[in-house]
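Here the structure is laid out as structure tokens; the discussion comes afterwards.
The values are calculated or read from the model by the stated rules, or taken from the named source; none is laboratory data. Bear in mind the structure is a predicted one, so any value in this text is a computation, not a measurement. All Cβ positions, glycine included, derive from the backbone under ideal geometry; neighbour counts span all protein chains shown. Remember, those area values only see protein heavy atoms, side chains included, never the ligands or the DNA or RNA. Shrake-Rupley method; radii C 1.70, N 1.55, O 1.52, S 1.80 Å.
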Amino acid sequence: MPNSLVFKNKVGKINKLLVVGLGLIGGSVALAARRAGFANTYLGVDLAYDERQGAISLGVVDQVSESLAELAVDADLIVLAVPVLAIQPVLQALKPHLKASAIITDVGSCKAVVLDAAVQVFGQLPPRFVLGHPIAGAEKSGVTAARVDLFEHRKVILTPDPANDSQALDVVRQLWMACGAEVLEMDVEQHDQVLARTSHLPHLLAFSLVDTLARRDERLDIFRYAAGGFRDFTRVAASDPIMWRDVFLANRDATLGALDEFLEGVQRLKTAIESRDAEALVSIFTRAKSARDYFTALLNETGYQTMQNTKINFITQPGAGAVAGRIRVPGDKSISHRSIMLGALAEGTTQVKGFLEGEDALATLQTFRDLGVLIEGPHNGEVTIHGVGINGLKQPQGPLYLGNSGTSMRLLAGILAAQPFDTELTGDASLSKRPMGRVADPLRLMGAEIETTEGGRPPLKIKGGKKLKGITYDLPMASAQVKSCLLLAGLWADGETRVTEPAPTRDHTERMLQGFGYPVVKQGATAAVQGGGKLLAADIDIPSDISSATFFMVAAAISPGSDLTLEHVGINPTRDGVINILRLMGADLELSNQRDVGGEPVADIRVRYAPLKGIDIPEDQVPLAIDEFPALFIAASCAEGTTRLSGAEELRVKESDRIQVMADGLLDLGVDCTVLEDGIIIEGKGGQAEVFSSAEIVCHHDHRIAMSFAVAGLRASGSITIKDCATVNTSFPGFAELARSVGFKLDVQTSS
């Protein structure tokens, strides 16, 4: 259903809405506002007789005039839908007839010109004049082309001034929301720079290309051979020439700056072609394709950038029965992150197989492209990284967006703290709540300059050009991410960087550094690197992620009659806590085909159903299974007796407070549990065939919570609805499909 159809007006109905300029945009505003019931009366002013008559006959407005003086005096909200170069004379004509309470907004695509016009006419920007720009249009113009749905799911940018009246700003926001638009805000200068590059320049290029070809062939025969690519690229050249003349002249400086940047890019392409520089061409095209894919993801509301805008619910159905088969889950997320990072910093070309094409790992991949690294793929899990060397990263064009990936942010903080340029790391709403002081504080001890927001949270603003020095640091908590961050920063530091952990954590960074030829000294709980070395490219075969395999291991362990084999799973001894804990609970779990692949131990894991018993989870296993506990809580619920977990306070600062969120869900499903500050006590119901009841679960955008409750559906008496599951794509794209293939009854409900 369009936004405008479910619009709730929070500012009260406007009495009279006046649209000045009854063309495509102005007419569409009136139609959309009318459908939403935004105003009582709709007025229109236009100098063109045909537009006025068309607006009346089509029901766009209730009353028309060619005179502002006639209709402006009673208008409560005035929308200026006229060309930007006409704004000043329109404001001059409007000024004597405005009532004091009237609110004004506009639709111009160049805000500096509109702002200047307002200042020229009124002496300053009136507090009740809110500048705006809808990012919408069509090839046809005039009121007959007006569409009630023109702004649905489109963006409208407001450029509010600090002096703007708050009530006026609210009314203008509500107007555009009534039209079905998403309302964004930015300052005037940023708006004009952004639009010059994303809207004005493409139109200019389309006009130029068509004109160039037309000049070459006056009979226009050349266009007979043009295919879809030419049509798509030049579609906007069918737009109104007069309007675009005004736009280019009004936004002259920003357009010229964008054009200069484009010409520099064309010159780079010309130089690469002249010199037959194949690598330069691939680099440019790969970077462009990646950016275009990212743009497509934004438009389609898919991909790691916009997963919060896509609603995905899992719905389990009872009666699934046994889980059986032979499957391979996606590649290890931790190793996928590190393969991109170290491959980018290495000298030479790194080939990666088994790369996890989930949103978190893709965020890391995109970030290194933004840092100037040529990366080909991923294609079916294969990635080729053309390393730039330890000192070869380039300054990115803007902030580096990492979606929901805490691993990316924390490890990158260590790498970027040593670079000669400034960077900013940002993330989605979930990541922006997670603590980053745990990496920022020790990096500051090394000499880094890092700004965080209140509570040590993102974004991270990292000052470049700082000389780092090696430190000896005892981790206050067991954290592989913090350890890895400091070791990576140590690659650039003067002297030795030594990190000691209070309990073993995953050691993928240490193993992979050694695989890339960088010495790591390991003495008990301490790992150390000496700064000033180099990394040499190495091929990497990434094993399946044991964290992803856990959901299926638990599924087979709790479902009577199950017999499931998971192939090529990483069983790194710093990650095997889930295997040890399940065995302590009585799971029938067998490892076979054990081998080393690229320095990482892997095995096939066969799990057959056996009754589980509750246990006190050994504290030395907690850091070895920290990401697997949500699924283990489901296993504990299906066990006979009580399971106790302590020493796991780290779970409270993951993508969600996993202790509390899991406890809330278990209680809703009829499982008794008690929350501890650092853990949980779960009263198992293993003697019952149906352990869980039916409920609606909120997973708080936490992928592991979502998948864990999907496993619970195997032993539920009714359906379980798990809300907000889009983030499953961060670590396990295709989870639902793979789950159904081995016996889950799991439906996926998707909406925008």
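Here's the list of lysines a cross-link from Lys433 could span, going by alpha-carbon distance under 16 Å and ignoring same-chain residues fewer than 8 apart: Lys461, Lys654. Dividing the mean sequence gap of close Cα pairs (under 8 Å, 6+ apart) by how many residues the range 163-281 holds gives a relative contact order of 28 percent. Here's the list of aspartates and glutamates a cross-link from Lys466 could span, going by alpha-carbon distance under 20 Å and ignoring same-chain residues fewer than 8 apart: Asp422, Glu424, Asp441, Glu449, Glu451, Asp494, Glu496. Rounded to the nearest percent, how much of the accessible area of the range 566-623 (1.4 Å probe, protein heavy atoms only) is carbon and sulfur? The computed percentage sits at 46. Here the range 237-274 and the range 156-170 have alpha carbon centers that stand 30 Å from each other.
Rolling a 1.4 angstrom probe over the protein heavy atoms with all chains in place gives the chain an accessible area of 41 Å² per residue. Listed peptides 687-699, 258-270, 535-547, 481-493 appear in the order 481-493, 535-547, 687-699, 258-270 once ranked by packing, highest mean of other Cβ atoms within 10 Å at the front. What a 1.4 Å probe finds exposed on the range 81-234 is 53% carbon and sulfur by accessible area, rounded to a whole percent.
For the range 422-517, relative contact order (Cα pairs under 8 Å, six or more residues apart, normalised by length) works out to 25 percent. DSSP assigns beta bridges within the chain; of those with both partners inside it, close to 60 percent run antiparallel. Of the residues Ala493, Ser430, Gln481, the one whose Cα sits farthest toward the positive end of the charge dipole of the range 396-551, with +1 on the Cβ of Lys and Arg and -1 on the Cβ of Asp and Glu, is Ala493. Here Lys463 is the anchor, and the lysines within straight C-alpha reach of less than 16 Å, apart from those fewer than 8 places off in the same chain, are Lys394. DSSP finds beta bridges in the range 571-729, and of those with both partners inside it, around 70 percent are antiparallel. Were the residues from Arg328 through Gln594 laid out at 0.36 nm apart, the gain over their Cα-Cα distance would be 94.2 nm. Nonpolar atom fraction for the range 335-458, defined as the carbon and sulfur part of the 1.4 Å probe accessible area, stands at 43 percent.
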